Amino acid sequence: MSYRVIALDLDGTLLTPRKTILPESLEALQKARQAGVKIVIVTGRHHVAIHPFYQALALDTPAICCNGTYLYDYQAKKVISADPLPQDQALRVIEMLDEAAIHGLLYVDNAMLYQAETGHVTRTINWGLSLPEHQRPVFIKVPSLSKAAEEAESIWKFAISHPDTRALQQFADSVEQEMGLACEWSWHDQVDIAKAGNSKGKRLAEWVESEGYRMSDVLAFGDNYNDLSMLENVGLGVAMGNADDAIKARAHRTIGTNLEPGIAQTIYQEVL
C-alpha cells in the first residue's frame, strides 16, 4: 500500500537529541513530496518553535500544534482552526501550580510565557539563541502568569515540568480529576495540559478529511504518549526505538531510535 500522507512528530521522532533532522530523513521526505505525498508536522510545540524544521522540510502544509489544540497556516501566518483553553480553567491551573510549587510554561497566541526560569526553559532559550534570529522561538518572562492569561487572546496549553516525575503525575491526576482537562506526557519530565478533547489524532483526522483522504491513507511516526491518538488511528503508526515499551506495544510497528535512519527506510519501503 502506498500512503498519501506522512504525519511526523518532532521531538524524539524526526529530531535527534541535538534538535537536528537526519540527512536521510530530509532526502526521503523530499522525494515523498516530489511524488505528491502530503507531509504534515504534528507536534506538541508552539508554532513559534517549529520554524527551523518547517523551513528545512520546505513544507506548504499547515502544522498541527500543541497536541492538536490548533492548526497553523505558515503561509498565511494565521490559525485556521482551534480549541483553546478557557480562561477560567487556565487561571485555576495556575493556582494549582502555585500550590504545588510546580513551574509551568504558558503557551498563548504567538509566544511562550514563563514566570520562573526552570532547566527546561533555559535549555530551550539556549537552543533558540543558536538559531538565526528569524527562526528563534518567542519566549517571554512575565511577572505573573495569571495576568498574562487574563490578557491573552488564546491560551493553547501549559507545559509543566518537574524533576520528580511522581509529583508531576500526581499533579496531572489532580488536574484531570478536578477539571477534566487533557493531560499528556510529551517528554520524560514534561506533561502538557490542554482543553479536554484535544489530541494529535483528532486534529489530524479533521485535516486529513479536509484534504480528501482517510486516516487509513496516513503513515505516522511518534515516540511519546501524546502521539498515541495518532499512531493508533492511522493506516500505519510507527513508534521510534527510543519510545517507552508501552507505546511500542500500541503502535503497529517499531523502528530504530531517532539517531537511526528508520524513518527514511520506512518511507522508501511503504511510500516510494
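The values are calculated or read from the model by the stated rules, or taken from the named source; none is laboratory data. A quick note: this is a predicted structure, and the numbers were derived from the prediction, not measured. Cβ sites come from the backbone with ideal geometry, for glycine too, and all protein chains shown count toward neighbours.
Structure data summary
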read-out	value
Residue in region 11-29 that is in a strand (DSSP E or B) and hydrophobic (A, V, I, L, M, F, W, C) present	yes
Residue 102 in contact with a strand residue (DSSP E or B) (Cβ under 6 Å, 6 or more places away or on another chain) and surrounded by fewer than 23 Cβ atoms within 10 Å (Cβ to Cβ)	yes
Breaking point among (1) outside the structural domain of residue 190 (by TED's automatic domain parsing); (2) in a helix (DSSP H, G or I); (3) of a type in the set (Val, Ile, Thr), for residue 94	(1)
Boolean, residue 100 is more than 20 Å from residue 158 (Cβ to Cβ) and small (Gly, Ala, Ser)	no
Of residues in region 33-63 being of a type in the set (D, E, K, R) and not in a loop (DSSP other than H, G, I, E, B), the one surrounded by the most Cβ atoms within 10 Å (Cβ to Cβ)	38
Complete set of residues in region 194-252 that are in contact with a strand residue (DSSP E or B) (Cβ under 6 Å, 6 or more places away or on another chain), over 22 Å from residue 156 (Cα atoms) and either among the hydrophobic types (A, V, I, L, M, F, W, C) or not assigned by TED's automatic domain parsing to the domain that holds residue 266 (or both)	218, 219, 220, 221, 231, 234, 236, 238, 239, 247, 251
Single match in 10, 106, 14, 71 (criterion: within 25 Å of residue 160 (Cβ to Cβ), touching a residue at least 24 places away in the same chain (Cβ under 8 Å) and outside the structural domain of residue 265 (by TED's automatic domain parsing))	106
Within region 257-272, considering residues that are outside any helix (DSSP H, G or I) and under 21 Å from residue 5 (Cα atoms), the one modelled with the lowest pLDDT	272
Matching residues, region 232-247, being in contact with a Gly (Cβ under 8 Å, 6 or more places away or on another chain) and in a helix (DSSP H, G or I)	247
Members of region 120-141 found to be closer than 18 Å to residue 98 by Cα and surrounded by fewer than 16 Cβ atoms within 10 Å (Cβ to Cβ), listed by number	141
Residue satisfying all of: in region 158-207; of a type in the set (Val, Ile, Thr) and at pLDDT below 90; nearest to residue 44 (Cα to Cα) among these	191
Residue under evaluation residue 184, criteria (1) touching a Phe, Trp or Tyr at 6+ places or on another chain (Cβ under 8 Å); (2) within 24 Å of residue 230 (Cα to Cα); (3) part of a helix (DSSP H, G or I), criterion not met	(3)
Subset of region 147-157 (residues that are surrounded by fewer than 19 Cβ atoms within 10 Å (Cβ to Cβ), free of Cβ contacts under 8 Å to residues at least 60 places away in the same chain and closer than 22 Å to residue 44 by Cα)	153
Complete set of residues in region 109-121 that are over 19 Å from residue 165 (Cα atoms) and assigned to a helix (DSSP H, G or I)	none
